[in-house]
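The values are calculated or read from the model by the stated rules, or taken from the named source; none is laboratory data. Nothing here was measured: the structure is a model prediction, and the numbers come from that model. As a convention, Cβ positions derive from the backbone with ideal geometry for all residues, glycine included, and neighbour counts pool all protein chains shown. When the accessible area is computed, the model is the full protein with side chains, heavy atoms only, and any ligands, DNA or RNA have been set aside. Shrake-Rupley method; radii C 1.70, N 1.55, O 1.52, S 1.80 Å.
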Amino acid sequence: VTATESAGNFSLLLRRILHTKAALVGFSIIGILAAMTIYALVAVPLESFSQWNDPGFWIDYPKSAAPSWINLMLPEGNLPNHMILGPSDAKTQNSSLGGIPTNSFLYDIDFRYNSYPTDFIIDYCLKYGEIPPVIQVDVTRPDGESFMIYNSPLPSSTLSDNLSNLTEYCSRIFSTDESIRDNLQAYTGRFDYSPDLSSPQKMIFSQLDKDAVLRGKYLFNVTYYLFDPEDKVENTKVILGGRVYGLMGTDDLRRDLSIGIFWGAPVALFVGLTAAISSVTIGMLYGLLAGYKGGRYDEALMRINDLVISLPTFVFLVILSITIGSSIFLITLFLVIFGWSGIARVARSLALQIKNLQYVEASKLMGETDIKIILRHILPQLLPLTFASIALAVPAAILAEATLSFIGLGDPSIPTWGSILHDANTASAAARGLWWWILPPGIMIAAAGISFALIGSAIESVTNPRGSANQSKVRFT
Amino acid sequence: MTGFLFFVAKTTAYRILVVVVTVIITLILLGSAMDKLLSDRIRAEVVEAAAQDKIQFKMLSQRQAYIDEQIDIKTKGLGLDEPWYSPKRFVNTLFQVLTLDLGRSNFFTSDSGSSNVSDIIIERVPKTVLLFTTSTVIVVVIGLFLGTYMAEKRGSALDKGVSFTAVVSNSFATFWVGMLMILLFSFTLHIFPARSTPLTSPGDPFYVLDLLYHMILPLITLVLLSFTVWSFVVRYFVSRVLDEDYIQAKRVMGIPKRKILYSHALKNAAPPILTGIVTALIASISGSFIVEAVFDWPGVGKLLYDAIVVMDIPLILGSTYVFTLIYVMTMLIADLLYAYFDPRVKVSS
């Protein structure tokens with residue numbers, strides 16, 4: 001068999017594999033995962049990845065909100081969408097009011113929901129000098145009514161001896177703020193009923209004649225009166241609390257689950273592919289070496305192999321991640337340490353058959369080294385098996401990492417599908433019916449696994465039509 | 001017969017060796033962490049004792065000296081002055097783990113109120129074994145019958161459906177399917193309770209019934225995930241035997257189809273089926289261990305999950321040791337069954 005001929009065989013084989021339905025479905029799913037990976041790397045801010053477990057990062061998000069598309073499924077009524085509006089969402093106006101420069105941020109909010117917002121927050125960050133600026137919030141309603149809901153100076157500057165003599169101050173005004181309630185008191189007379197002042201968002205978004213949502217365009221005007229030309233508005237946000245948010249909703253810790261799901265894709269692919277490729281390669285070489293060398297060498301290698309196969313891997317994964325560490329790289333390494341043993345046994349029995357073939361004998365007579373014979377003459381024969389084993393080992397590796405994350409021993413610094421399910425389980429999400437917290441990560445784990453399993457079985461069915469009942473020769477837990 | 005006894009003894013010895021090796025590796029990994037844990041505990045005990053004895057000290061330094069002296073005495077008394085890897089201590093710890101003599105837990109107690117690690121664990125072992133063996137028995141029965149039936153009806157819709165599900169369900173996380181079960185049967189349909197810890201106390205006459213009722217949901221989860229894989233394995237090997245000449249010959253002889261299928265084909269396919277099934281079973285042990293945490297099933301797996309949250313090292317060590325025992329027992333039973341069905345094993349080894 002010449003090199004070109006075997007390459008031809010190989011491309012023929014590849015074409016036949018690609019023509020199976022299983023491989024087609026498998027590669028399509030992998031395509032989706034790859035697209036998610038690229039999307040995560042390009043479009044999702046890296047911050048959301050590294051700050052996944054920092055509650056401060058997610059403070060603007062709603063708590064356990066359902067995905068916003070469920071509004072499409074609800075027969076009547078739709079739940080308010082959670083809105084986070086930053087400076088870029090606002091129209092800005094800079095003017096001077098009686099010599100005082102003002103900085104206005106106008107937020108258009110189209111509110112067409114059947115129930116009130118849960119709350120609202122005005123978030124701001126300012127740099128200012130000796131005279132503290134004044135912040136004022138007005139709301140203009142669709143019916144033309146205008147409420148001035150907040151007007152208060154910021155605390156006076158503390159860092160007077162600072163070099164820049166500017167102080168930075170960041171804070172948030174909550175809808176439950178007492179001064180908002182006091183300001184709204186003045187407008188209660190315009191209503192035909194007596195509005196509930198303890199939840200100002202209801203009064204602001206209510207019709208005048210009855211306690212029902214007034215739908216339409218609202219204008220939130222956040223104005224800063226700056227008394228010093230050097231004063232600057234660094235950041236200003238309006239957050240309107242809703243019951244639904246984003247593509248996949250949020251969890252109890254306010255994290256946007258879609259970000260976790262997207263970032264989970266590269267992590268799972270990395271763990272799955274790295275662990276599978278390394279385990280199968282090591283196992284193959286180990287088994288081929290044992291089978292080819294034979295004798296005492298084989299005996300010793302296979303004794304070690306027998307022992308590793310019979311060890312309870314799960315126990316070691318638990319103990320290793322507790323004592324050595326649980327970064328994603330270490331976990332992948334642990335998976336490889338125990339994952340190679342199953343395939344080694346298969347490779348050995350195949351090497352025993354192949355080594356007696358004439359062309360192998362011939363190369364031995366020609367004085368080629370053992371390693372060279374294994375790598376150049378035996379291994380290429382086993383390439384289809386190798387690829388099938390790798391593909392079938394990927395689901396096992398992904399599942400093993402997910403299991404480890406699920407019991408709380410995953411990489412604590414990044415989002416993984418398993419760790420999302422761990423948090424969901426800790427918060428009893430299933431018993432509380434928070435399906436959006438449970439379904440997507442599990443579906444992703446299953447989809448990633450199934451895609452590789454399908455490709456693996458496609459390779460097996462094409463290269464070895466009698467098939468194999470042992471789905472995977474590699475296991476990690 | 002002596003050949004079989006020798007085989008049993010040899011296999012058992014090997015599996016015990018596996019347990020010992022596992023514990024040794026675990027201890028090597030955990031050694032320094034355990035050392036720190038023990039010395040912290042001695043310090044805490046001594047400080048507490050000093051506070052309770054109300055010994056008057058003239059100066060703070062005197063009190064410190066007294067405490068240091070007491071710690072020294074206790075440390076020497078327990079042999080902790082030697083490092084964990086000294087042969088004497090290592091062998092000692094090894095026997096302690098093997099006999100579950102792991103001291104006290106900092107965070108957990110047993111139902112009877114004991115904080116001994118062994119009491120806490122031993123109380124939970126029956127529940128883990130009950131769930132695991134029940135689900136395994138159910139899956140064996142379904143797998144054998146469904147698999148053989150599929151082998152007979154090769155190419156049927158049922159055959160294709162189950163075979164496809166077998167490939168797919170291998171990729172499902174057991175704990176996730178468990179959460180889906182709660183979502184469906186507890187939250188949406190209100191049929192089964194979400195938490196599997198029975199509400200009645202262990203002394204209650206209805207406790208067993210209550211326990212079984214709470215076991216249904218985890219049981220369904222485990223069976224659902226495994227039965228297609230097992231059926232697939234059985235189907236594969238039985239259908240290979242069905243193609244053999246001697247089975248065809250039996251057909252010609254007029255032996256009833258059912259008898260051929262269930263006594264001749266199944267029995268001859270038994271050894272490879274056993275190998276395939278053991279692979280599947282071994283892979284599912286960790287899943288059925290972990291699924292306890294989803295259902296709050298009061299077994300060792302749930303204990304491990306809770307112990308990891310507070311990093312209770314003695315409990316983690318104890319529950320992983322129980323896992324090792326269950327794992328090794330399963331393999332041992334598989335070895336013996338294999339030898340029973342394939343007599344060559346007994347002779348050749």
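Of all the listed residues (B:329, B:253), the sole one being surrounded by fewer than 18 Cβ atoms within 10 Å (Cβ to Cβ), more than 10 Å from chain A (Cβ to nearest Cβ) and modelled with pLDDT of 90 or more is B:329.
Take segment B:144-169 and flag every residue that is more than 12 Å from every other protein chain (Cβ to nearest Cβ), touching a residue at least 24 places away in the same chain (Cβ under 8 Å) and surrounded by 16 or more Cβ atoms within 10 Å (Cβ to Cβ). Once the filter is applied, which keeps residues that are more than 12 Å from every other protein chain (Cβ to nearest Cβ), touching a residue at least 24 places away in the same chain (Cβ under 8 Å) and surrounded by 16 or more Cβ atoms within 10 Å (Cβ to Cβ), segment B:144-169 yields B:144, B:146, B:148, B:150, B:152, B:159, B:162. Criterion applied to B:80, B:100 was being out of contact with any Phe, Trp or Tyr (no Cβ under 9 Å at 6 or more places or on another chain), assigned to a loop (DSSP other than H, G, I, E, B) and surrounded by 14 or more Cβ atoms within 10 Å (Cβ to Cβ), and the one residue passing it is B:80. Among the candidates A:63, A:91, the residue that is surrounded by 12 or more Cβ atoms within 10 Å (Cβ to Cβ), over 30 Å from residue B:168 (Cβ atoms) and at pLDDT 85 or above is uniquely A:63. Within the set A:424, A:393, A:388, the sole residue that is touching a Leu at 6+ places or on another chain (Cβ under 9 Å), touching a residue at least 24 places away in the same chain (Cβ under 8 Å) and either of a type in the set (Asp, Glu) or open to solvent by less than 10 Å² (accessible area, probe 1.4 Å) (or both) turns out to be A:424.
Can you spot a residue in segment B:257-272 that is within 10 Å of chain A (Cβ to nearest Cβ) and without any contact (Cβ under 8 Å) to a residue 60 or more places away in the chain? Looking for residues that are within 10 Å of chain A (Cβ to nearest Cβ) and without any contact (Cβ under 8 Å) to a residue 60 or more places away in the chain, one finds at least one in segment B:257-272, hence yes. Here is a list: B:66, B:85. Which entry is at negative phi, of a type outside the set (D, E, K, R) and assigned to a loop (DSSP other than H, G, I, E, B)? Among B:66, B:85, only B:85 is at negative phi, of a type outside the set (D, E, K, R) and assigned to a loop (DSSP other than H, G, I, E, B).
Looking only at residues that are assigned to a strand (DSSP E or B) and in contact with a helix residue (DSSP H, G or I) (Cβ under 7 Å, 6 or more places away or on another chain) in segment A:212-250, which one is most open to solvent (accessible area, probe 1.4 Å)? Quick ask: steps written out before the conclusion?
Looking only at segment A:212-250, we keep the residues that are assigned to a strand (DSSP E or B), and these are A:213, A:216-225, A:232-240, A:244, A:250.
Then keep just the ones that are in contact with a helix residue (DSSP H, G or I) (Cβ under 7 Å, 6 or more places away or on another chain); that gives A:235-236, A:244, A:250.
On the way: A:235: 49, A:236: 1, A:244: 0, A:250: 1 Å².
Checking each candidate, the answer is A:235.
Does residue B:296 satisfy being charged (D, E, K, R), modelled with pLDDT under 90, farther than 21 Å from residue B:147 by Cβ and out of contact with any Phe, Trp or Tyr (no Cβ under 7 Å at 6 or more places or on another chain)? Break it down into steps so the answer makes sense when it comes.
On the way: charged (D, E, K, R): yes; modelled with pLDDT under 90: yes; farther than 21 Å from residue B:147 by Cβ: yes; out of contact with any Phe, Trp or Tyr (no Cβ under 7 Å at 6 or more places or on another chain): yes.
For residue B:296, the condition - charged (D, E, K, R), modelled with pLDDT under 90, farther than 21 Å from residue B:147 by Cβ and out of contact with any Phe, Trp or Tyr (no Cβ under 7 Å at 6 or more places or on another chain) - is met.
Restricting attention to segment B:247-292, the residues being under 30 Å from residue B:214 (Cβ atoms) and either hydroxyl-bearing (Ser, Thr, Tyr) or outside any helix (DSSP H, G or I) (or both) number 3. Across segment A:184-211, the number of residues qualifying as within 29 Å of residue A:56 (Cβ to Cβ) and surrounded by 14 or more Cβ atoms within 10 Å (Cβ to Cβ) comes to 6.
Scan segment B:237-249 and tell me whether some residue there is within 12 Å of chain A (Cβ to nearest Cβ), over 19 Å from residue B:302 (Cβ atoms) and either open to solvent by less than 20 Å² (accessible area, probe 1.4 Å) or among the small types (Gly, Ala, Ser) (or both). Talk me through it step by step, then tell me what you get.
Of segment B:237-249, the ones within 12 Å of chain A (Cβ to nearest Cβ) are B:237-240, B:243.
Pick out the ones that are also over 19 Å from residue B:302 (Cβ atoms) and you get B:237-240, B:243.
If we keep only those that are either open to solvent by less than 20 Å² (accessible area, probe 1.4 Å) or among the small types (Gly, Ala, Ser) (or both) too, we end up with B:238-239.
The answer is yes; a qualifying residue exists.
Screening residue B:2 on (1) touching a helix residue (DSSP H, G or I) at 6+ places or on another chain (Cβ under 8 Å); (2) modelled with pLDDT under 85 shows it passes everything except condition (1).
Name the one entry in A:311, A:320, A:333 that is of a type outside the set (Lys, Arg), within 30 Å of residue B:24 (Cβ to Cβ), open to solvent by 60 Å² or more (accessible area, probe 1.4 Å) and within 34 Å of the chain's Cα centre (by Cα). Walk me through how you get there before you give the answer.
Details: A:311 fails: open to solvent by 60 Å² or more (accessible area, probe 1.4 Å); A:320 fails: open to solvent by 60 Å² or more (accessible area, probe 1.4 Å).
Going through A:311, A:320, A:333 in turn, just one is of a type outside the set (Lys, Arg), within 30 Å of residue B:24 (Cβ to Cβ), open to solvent by 60 Å² or more (accessible area, probe 1.4 Å) and within 34 Å of the chain's Cα centre (by Cα): A:333.
Pick from A:345, A:303: which is touching a residue at least 12 places away in the same chain (Cβ under 8 Å), within 30 Å of residue B:23 (Cβ to Cβ), open to solvent by 70 Å² or more (accessible area, probe 1.4 Å) and of a type outside the set (Gly, Ala, Ser)?
Values: A:303 fails: touching a residue at least 12 places away in the same chain (Cβ under 8 Å).
None of the others qualify; the one that does is A:345.
Among the residues of segment B:58-74, is there at least one that is within 14 Å of another protein chain (Cβ to nearest Cβ) and either farther than 22 Å from residue B:100 by Cβ or of a type outside the set (Gly, Ala, Ser) (or both)? Looking through segment B:58-74, none of the residues is within 14 Å of another protein chain (Cβ to nearest Cβ) and either farther than 22 Å from residue B:100 by Cβ or of a type outside the set (Gly, Ala, Ser) (or both).
For every residue, the table says whether it meets (1) at pLDDT 85 or above; (2) closer than 30 Å to residue B:270 by Cβ; (3) in contact with a Ser or Thr (Cβ under 6 Å, 6 or more places away or on another chain); (4) polar (S, T, N, Q).
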{"position": "B:113", "(1), (2), (3), (4)": "no, no, no, no"}
{"position": "B:124", "(1), (2), (3), (4)": "yes, no, no, no"}
{"position": "B:140", "(1), (2), (3), (4)": "yes, yes, no, no"}
{"position": "B:153", "(1), (2), (3), (4)": "yes, yes, no, no"}
{"position": "B:194", "(1), (2), (3), (4)": "no, no, yes, no"}
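Checking each residue in segment B:273-320 for being of a type outside the set (A, V, I, L, M), facing another protein chain (nearest Cβ under 8 Å) and in contact with a Leu (Cβ under 8 Å, 6 or more places away or on another chain) picks out B:287, B:289, B:320. From the list B:192, B:232, B:172, B:227, the one residue that fits, being among the hydrophobic types (A, V, I, L, M, F, W, C), in contact (Cβ under 8 Å) with a residue 40 or more places away in the chain and assigned to a loop (DSSP other than H, G, I, E, B), is B:172. Please indicate, with yes or no, whether at least one residue in segment B:129-141 is within 21 Å of residue B:321 (Cα to Cα), among the hydroxyl-bearing types (Ser, Thr, Tyr) and surrounded by fewer than 17 Cβ atoms within 10 Å (Cβ to Cβ). Scanning segment B:129-141 turns up at least one residue that is within 21 Å of residue B:321 (Cα to Cα), among the hydroxyl-bearing types (Ser, Thr, Tyr) and surrounded by fewer than 17 Cβ atoms within 10 Å (Cβ to Cβ).
Please find, among A:265, A:276, A:300, the residue that is more than 14 Å from every other protein chain (Cβ to nearest Cβ) and over 30 Å from residue A:63 (Cα atoms). It would help to see each step written out before you state the result.
Values: A:265 fails: over 30 Å from residue A:63 (Cα atoms); A:276 fails: more than 14 Å from every other protein chain (Cβ to nearest Cβ).
Selected residue: A:300, the only one of A:265, A:276, A:300 that is more than 14 Å from every other protein chain (Cβ to nearest Cβ) and over 30 Å from residue A:63 (Cα atoms).
Across segment A:427-438, the number of residues qualifying as more than 8 Å from chain B (Cβ to nearest Cβ) and under 18 Å from the mean Cα position of the chain (by Cα) comes to 3.
If you go through segment A:396-421 and keep only what is surrounded by 24 or more Cβ atoms within 10 Å (Cβ to Cβ) and among the hydrophobic types (A, V, I, L, M, F, W, C), you end up with A:396, A:397, A:398, A:399, A:400, A:402, A:404, A:406, A:407, A:417, A:420, A:421.
Condition test on residue B:187, is it open to solvent by 40 Å² or more (accessible area, probe 1.4 Å), within 10 Å of chain A (Cβ to nearest Cβ) and in a helix (DSSP H, G or I)? It is true that residue B:187 is open to solvent by 40 Å² or more (accessible area, probe 1.4 Å), within 10 Å of chain A (Cβ to nearest Cβ) and in a helix (DSSP H, G or I). Count of segment A:94-133 residues, restricted to those that are out of contact with any Gly (no Cβ under 8 Å at 6 or more places or on another chain), hydrophobic (A, V, I, L, M, F, W, C) and open to solvent by less than 30 Å² (accessible area, probe 1.4 Å), is 6.
Can you name every residue in segment B:25-53 that is within 11 Å of chain A (Cβ to nearest Cβ) and of a type in the set (A, V, I, L, M)?
Narrowing segment B:25-53 to residues within 11 Å of chain A (Cβ to nearest Cβ): B:25-34.
Once the filter is applied, which keeps residues that are within 11 Å of chain A (Cβ to nearest Cβ) and of a type in the set (A, V, I, L, M), segment B:25-53 yields B:25, B:27, B:28, B:29, B:30, B:33, B:34.
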